[in-house]
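J.: If you scroll down you'll find the structure; I have some questions about it.
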Amino acid sequence: AAGLEKFASTQSKAASAETATLYTLRKRFEELEELLIGDRLSHPLQSKLPLFVKYDLFIGNPYESHPFHSKRSFFVKLSKLYGLDVVKKDIINVILGESFRDSSDSIKTIIIVGMEGTGKTYLARCICTDCQVLEIFDNIIWVNVSDDFDLGKIARKIILSLEGLEHDSLRLLTLVPLQSLLDRIQRKIVNKKSLLVLDGVGRYDCDDWEALRAVFQHGMSGSGILVTTHEHSVAGAMESSYIFCLGKLSDELCWMILREVGLNDDTLEYAVEDIGRELARRCEGLPFAAKVLGDAIRHYDFGIRGWDVFLRNCIWKSPRIPKYMSKILSLSYCNLPLSVRRCLSYWAIFPKNFEISKTLLVQHWMAQGYLYSSDNLEMELKGEEYFKCLEAHSCFQYCTRDGGMLTCKMHSLVHDCVQSLSPYDLMMRFESVKQLTLNLSSWTEEVKVVGTHHLVMMIAQGAGFPMDISGAEKLRTLVAVTQGCLITSQALSNLFKQSKHLRLLDLSLTS
């Protein structure tokens, strides 16, 4: 009885405090409303701006007012290549030309180079799906290449594409020697015309590159390799037959992208044109920036007011976010529902260019408790919905095979932004078999890792799973990624003795 009386008293005090807080917030919003009206009177588009900002926009039910829960289509695909159509035509003309089929020379290589966000990957996909290109090639092999140009990884992904294997087969292929993999590829492409696409090459290894070219030299005349990279040094070192450099777009083209993606109602084009052109100028000539900003505005879905809110957002003047792309991505991130933001931030534990199946990613979210439901099937459906929302904000890039999705990865610029928002998540890389202990309670040069919740270990081939992980009391996630690693029962026993709060242990990415 005493406990119930104490509980009732506490609840009464909490209710009074909540009422007082709501009263204070409402008074503050009234003051802000007066300021907004004053700004409106001096705004050049005053006749087009709404007079009032409703309270329910700020403190109403987010599940009723947020556009995430509307019935509109999530994904907006650009109808054409703004500013890249000429480059696409030139590259296709090269592929279809006589010089590309000249058997007297080595295999032809085409390199698309440009800074991140200029549309290299999108351009390469448009080339690969062009009907003329599809008609002349027997195989079009798409490989997502990380910053580390590893011939073994590339060869395994090529075999997955050529043989139609599932992504999980990568684990079995790690047991196959490299030369056997290359011989296997050679047998598959002989007497066939193949186009190999290496997307996102960040580093260059001369020996691995020459070995890969030598294998594809055994294909039919007219086979080729298409490379995308943001490093001009890589493009020069590969001694490519053809190099196409992507520059920044004009403000006019950025506005055309922003208009197509961001407008829900074409009748508003004239009303938002002045605001839209100013936003396009802030995209700094990057089509990806215009696409992300357009996605965010479209899903904000408050008409003219929404465009003005994005233009006048204080984030443009924030000294804490120095890069224009980070500011645009931050605007997009803030427009997401809180539940979806958490799922996006979780990606910070994975390294850049990391590929994962959508199904496995949703299972990770389920294990962390990010998808609230007592029913597993309902959680999976909610995870699908969250994934579509993130896809609609251009957060993910698909890695496809024959038109069907195998895995997805996060755009490199989005990954940088997400990692900056999650400084306490840690990715460790084990490079030596001697490194069999891991201390999560120590300081590093860049970040204090006390209380780490999520940990992805990139274990080099030949290295062992750590026998002892100290300071893992608060660890919720442990993912081991390796090309072949011995995990002993003693190591797992030591881990479980400490990790009382572990929600997810994923060893599926190991061999």
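J.: Restricted to the stretch 471-491, and to residues that are within 28 Å of L172 (Cβ to Cβ) and out of contact with any Gly (no Cβ under 9 Å at 6 or more places or on another chain), which residue is modelled with the lowest pLDDT?
T.: Initial filter on the stretch 471-491 (within 28 Å of L172 (Cβ to Cβ)): 477-491.
Now narrow it down to the ones that are out of contact with any Gly (no Cβ under 9 Å at 6 or more places or on another chain): 477-482, 489-490.
Values: T477: 88, L478: 88, V479: 87, A480: 84, V481: 79, T482: 74, S489: 86, Q490: 86.
Here the residue is T482.
J.: Kindly indicate whether V86 is within 30 Å of I225 (Cβ to Cβ), open to solvent by 60 Å² or more (accessible area, probe 1.4 Å), assigned to a helix (DSSP H, G or I) and modelled with pLDDT of 80 or more.
T.: Details: within 30 Å of I225 (Cβ to Cβ): yes; open to solvent by 60 Å² or more (accessible area, probe 1.4 Å): yes; assigned to a helix (DSSP H, G or I): yes; modelled with pLDDT of 80 or more: yes.
Answer is yes for this residue.
J.: Are any residues in the stretch 492-511 surrounded by fewer than 17 Cβ atoms within 10 Å (Cβ to Cβ), at pLDDT 85 or above and of a type in the set (G, A, S), and if so, which ones?
T.: Selection gives S493 alone.
J.: Here is a check on your reading of the model: is P337 out of contact with any Leu (no Cβ under 9 Å at 6 or more places or on another chain) and surrounded by fewer than 16 Cβ atoms within 10 Å (Cβ to Cβ)?
T.: Working: out of contact with any Leu (no Cβ under 9 Å at 6 or more places or on another chain): yes; surrounded by fewer than 16 Cβ atoms within 10 Å (Cβ to Cβ): no.
Judged against the criteria, P337 is not a match.
J.: Looking at (1) surrounded by 14 or more Cβ atoms within 10 Å (Cβ to Cβ); (2) in a helix (DSSP H, G or I), can you tell me which one F149 breaks?
T.: Result: F149 passes all but (2).
J.: Looking at the stretch 219-240, can you tell me whether even one residue there is closer than 23 Å to N139 by Cα, buried (at least 16 other Cβ atoms within 10 Å of the Cβ) and either in the same structural domain as W307 (by the TED database) or among the aromatic types (F, W, Y) (or both)? If you could, list the steps in order and put the result at the bottom.
T.: Initial filter on the stretch 219-240 (closer than 23 Å to N139 by Cα): 219-229, 238, 240.
Still in the running and buried (at least 16 other Cβ atoms within 10 Å of the Cβ): 219, 222-229, 238, 240.
Next cut, either in the same structural domain as W307 (by the TED database) or among the aromatic types (F, W, Y) (or both) only: none.
No, there is no match, as no residue in the stretch 219-240 is closer than 23 Å to N139 by Cα, buried (at least 16 other Cβ atoms within 10 Å of the Cβ) and either in the same structural domain as W307 (by the TED database) or among the aromatic types (F, W, Y) (or both).
J.: When you scan the stretch 358-368, do you find a residue that is under 20 Å from K248 (Cα atoms), open to solvent by 30 Å² or more (accessible area, probe 1.4 Å) and without any contact (Cβ under 8 Å) to a residue 40 or more places away in the chain, even just one?
T.: Narrowing the stretch 358-368 to residues under 20 Å from K248 (Cα atoms): none.
No, the stretch 358-368 contains no residue that is under 20 Å from K248 (Cα atoms), open to solvent by 30 Å² or more (accessible area, probe 1.4 Å) and without any contact (Cβ under 8 Å) to a residue 40 or more places away in the chain.
J.: To continue, here is another question. Return yes when S374 is surrounded by fewer than 21 Cβ atoms within 10 Å (Cβ to Cβ), part of a loop (DSSP other than H, G, I, E, B) and over 13 Å from the mean Cα position of the chain (by Cα) and no when it is not. Break it down into steps so the answer makes sense when it comes.
T.: On the way: surrounded by fewer than 21 Cβ atoms within 10 Å (Cβ to Cβ): yes; part of a loop (DSSP other than H, G, I, E, B): yes; over 13 Å from the mean Cα position of the chain (by Cα): yes.
Taking the combined requirement at face value, the residue satisfies it.
J.: Let me ask another. For the stretch 60-83: of the residues being modelled with pLDDT of 65 or more and open to solvent by less than 70 Å² (accessible area, probe 1.4 Å), which is nearest to the chain's Cα centre (by Cα)?
T.: Within the stretch 60-83, the subset modelled with pLDDT of 65 or more is 77-83.
The next check asks that each one be open to solvent by less than 70 Å² (accessible area, probe 1.4 Å); those that pass are 78, 81-83.
Details: L78: 18, L81: 21, Y82: 22, G83: 23 Å.
Taking the candidates together, the pick is L78.
J.: Looking at (1) outside any helix (DSSP H, G or I); (2) at pLDDT 80 or above; (3) open to solvent by 70 Å² or more (accessible area, probe 1.4 Å), which is the one condition that is false for S394?
T.: Of the numbered conditions (1) outside any helix (DSSP H, G or I); (2) at pLDDT 80 or above; (3) open to solvent by 70 Å² or more (accessible area, probe 1.4 Å), the odd one out for S394 is (3).
J.: Anything in the stretch 250-275 that is open to solvent by less than 10 Å² (accessible area, probe 1.4 Å) and under 28 Å from H230 (Cα atoms)? List them, or say none.
T.: C254, W255, I257, L258, V261, G262
J.: Just give me the residues in the stretch 92-122 being part of a loop (DSSP other than H, G, I, E, B) and within 25 Å of the chain's Cα centre (by Cα), in sequence order. Before the answer, list the steps.
T.: To start, the set of residues in the stretch 92-122 that are part of a loop (DSSP other than H, G, I, E, B) comprises 97-98, 102-107, 114-119.
If the condition is that a residue be part of a loop (DSSP other than H, G, I, E, B) and within 25 Å of the chain's Cα centre (by Cα), then G114, M115, E116, G117, T118, G119 are the ones that fit.
J.: For residues in the stretch 439-465 being modelled with pLDDT of 75 or more and part of a strand (DSSP E or B), which is farthest from L507 (Cα to Cα)?
T.: The residue in question is H454.
J.: Give the residue that is modelled with the lowest pLDDT, with candidates limited to residues of the stretch 166-187 that are over 15 Å from T407 (Cα atoms) and polar (S, T, N, Q).
T.: Per the stated criteria, the residue is T174.
J.: I'd like to know if the stretch 311-328 contains one or more residues that are touching a Pro at 6+ places or on another chain (Cβ under 6 Å), more than 20 Å from Y82 (Cα to Cα) and surrounded by fewer than 19 Cβ atoms within 10 Å (Cβ to Cβ).
T.: Initial filter on the stretch 311-328 (touching a Pro at 6+ places or on another chain (Cβ under 6 Å)): none.
No, every residue in the stretch 311-328 fails to be touching a Pro at 6+ places or on another chain (Cβ under 6 Å), more than 20 Å from Y82 (Cα to Cα) and surrounded by fewer than 19 Cβ atoms within 10 Å (Cβ to Cβ).
The values are calculated or read from the model by the stated rules, or taken from the named source; none is laboratory data. Since we're looking at a predicted model, the values are computed, not measured. As a convention, Cβ positions derive from the backbone with ideal geometry for all residues, glycine included, and neighbour counts pool all protein chains shown. Areas reflect the complete protein model, heavy atoms only, side chains present, ligands, DNA and RNA absent. Shrake-Rupley method; radii C 1.70, N 1.55, O 1.52, S 1.80 Å.
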